[in-house]
1. Expressed in nm to one decimal, what extension gain is obtained for the pair Ser257 and Gln137 from 0.36 nm per residue of sequence separation less their Cα-Cα distance?
2. Which pairs in the list Lys71/Lys125; Lys125/Lys223; Lys68/Lys194 are over 31 Å apart, alpha-carbon to alpha-carbon?
3. Compute for the stretch 114-256: radius of gyration divided by Kirkwood radius, i.e. Rg/Rh, restricted to C-alpha atoms, rounded to two decimals.
Amino acid sequence: MGGVCSRKRSQLVEDDDDSLQTPTRFSKTSSLKWLLLTLPRSSSDISRKGPGKGPGRCPTLMELCVAKVCKDISKYSTFAMLPSDLSQQVFDEMVDSNCLTEESLETFRDCALHDICLGEYPGVKDAWMEVVASQRQSLLSVDISCSEVTDSGLNFLSDCSNMQSLSCNYCEHVSEHGLGVLSGFSNLTSLSFKRSDGVTAKGMSVFANLVNLVNLDLERCLKIHGGLVHMKGLRKLESLNMRYCNYITDSDIKYLSG
């Protein structure tokens with residue numbers, strides 16, 4: 001997500017932390033200075049590691065700072081005033097370390113994140129989607145595979161019209177009605193709905209609006225017979241996975257020719 005900070009932001013809101021002094025304005029380097037303040041005061045608090053890649057390599061300054069912020073996440077109420085690339089790194093680390101909760105997710109509201117990958121992450125449900133959708137036009141990629149998200153939660157994404165990639169594999173609570181939100185995603189290039197009963201012939205009518213779609217994964221979607229007619233105008237489609245989609249006939253396939 002790039003280097004440390006390219007944009008000026010006004011202020012970081014921090015809850016009851018007497019040990020850190022948060023700068024009131026962010027210049028080109030001030031967000032880095034803020035991160036430096038999160039580091040331990042004593043070098044003995046940082047384990048010595050060898051150079052190079054791998055388990056023994058020395059962590060970068062950015063990695064140390066991000067790790068410290070994640071550790072102290074409860075001290076902050078929002079990262080909305082940080083540059084989005086910085087917030088993105090903190091968010092990714094929270095997910096990778098399995099530390100993100102519904103409560104800490106609120107810290108990332110309105111942070112202009114580009115990518116939210118929560119596939120197979122425990123506890124993801126409709127309540128999370130409001131914060132996910134708060135990224136609005138900045139949001140480009142979302143993965144909520146294996147979540148408890150329903151039609152209502154998916155509908156929160158309606159304001160995220162710049163979405164380019166969406167994965168909702170094994171989302172058992174999304175119906176054909178929930179697919180309606182896809183009609184506003186004309187920039188979508190990748191869509192994955194593996195093993196979804198919500199992908200029906202009727203629900204697939206929204207696919208006609210996905211004119212920039214390149215990759216589509218409908219593996220194990222068993223109710224798509226009669227729905228491929230809605231894909232005949234998808235001229236940019238390069239990859240289509242219909243593995244284990246029973247009941248597909250020659251009459252369905254003809255709409256994919258040309």
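We did not get these values from a lab; they are worked out from the coordinates using the rules stated. What you are looking at is a predicted structure, and each value in this text was computed from that prediction instead of being measured.
1. Length gained between Ser257 and Gln137: 39.8 nm.
2. Lys68/Lys194
3. Expressed as Rg/Rh, it is 0.95.
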